Each structure stands twice: as C-alpha cells, then as structure tokens.
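These notes concern the structure reproduced below.
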Amino acid sequence: MSKRGVQAEQLAAQFLQRHGLKLLQKNYSCRYGEIDLILQDGDMLVFAEVRLRSRGDFGGAAASINASKQARLIRTAQHYLATLSRTPPCRFDALLLDALDSTRLEWIKHAFTT
C-alpha cells in the first residue's frame, strides 16, 4: 500500500474513533480480499472501506467501490464473521477522501447492503 493510502486509513480511523467507534482491526485480509478497517459502533460491527482519490476521473472515490469490489468486501466480511462466536448486526461504510485532510472526509454509513 502506498504511503498516501496508509495516511488515508489513519485519518479515517482517527475520524471514526472521534465519532465514538472502537477500532477492532486494520487491514483484515484473507483469500477473498481485504477490509481496511473493522470497528464497533455500539452493538453494530462496521466494515469500513477507505478511498482516497485526488482526481475525479472515472467517477472519483465513491464510484471506485463498484459491484465487483462490493462482492469481494462481502466475501471477506463473511470470512471474518466466521471467526466469531456469534454474528452481530453489521454494516458497510465508506470513507471517501479527495485529499489527506480529515475536514474533507465524507462518511457514508450503510454504503451498500448485502
């Protein structure tokens, strides 16, 4: 991962923690893919995808989480959930940045559903 990618994930994790979420894991990976951040929001488990796009070509950060990417995230989340003793309620969030600036971070809760 690029240095800017690591910085974007750090900014997103700090932002979410300031909003009361508890960071459980960074960069969970398995054969299906990787989830940037896994957090706890009350009893809700949050799988967060962080996207940094400095250019708007091809739709920008939000458009980069296409159907194929969503399917990989869902399979990876299912893999993670299989390691738990019980399955909590879950959601997928997206954190979109067009610069390494937390004031320009867009947080989309329930970015997509399974």
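Just so you know, all these numbers are worked out from the coordinates, no wet-lab data involved. Just so it is clear, the model here is predicted, and its values are computed rather than measured. Here Cβ is always computed from backbone atoms with ideal geometry, including for glycine, and neighbour counts include all displayed protein chains.
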Stretch gain in nm, segment Lys3-Thr87, where the contour uses 0.36 nm per residue and the Cα spacing is subtracted:
26.9 nm
What nm distance separates the two modelled labels at Lys69 and Asp98, each placed 7 Å from Cα along Cα→Cβ?
1.6
Nearest-ten-degree value, helix 67-81 long axis tilted from longest Cα axis of the chain
40
In deg cm²/dmol, rounded to the nearest 500, the helical mean residue ellipticity at 222 nm of the chain, built from -39500 (n - 2.57) for every DSSP H run of length 4 or more, is -9500 deg cm²/dmol
Of the peptides 16-28, 89-101, how do they stack up when ordered by the mean number of other Cβ atoms within 10 Å, highest first?
89-101, 16-28
Could you compute the FRET efficiency for Glu34 and Gln14, with r as their C-beta to C-beta distance and R0 at 22 Å, rounded to 0.05?
0.65
What translational D, rounded to a whole number of µm²/s, comes out for the chain from Stokes-Einstein when the hydrodynamic radius is the Kirkwood one over Cα pairs, at 37 °C and 0.692 mPa s?
230
With R₀ set to 22 angstrom, the calculated FRET efficiency between the beta-carbons of Thr114 and Leu23, to the nearest 0.05, is 0.45
If one takes the longest principal axis of the Cα atoms in the chain, at what angle in degrees, from 0 to 90 and to the nearest 10, does the Cα axis of helix 3-18 lie?
60
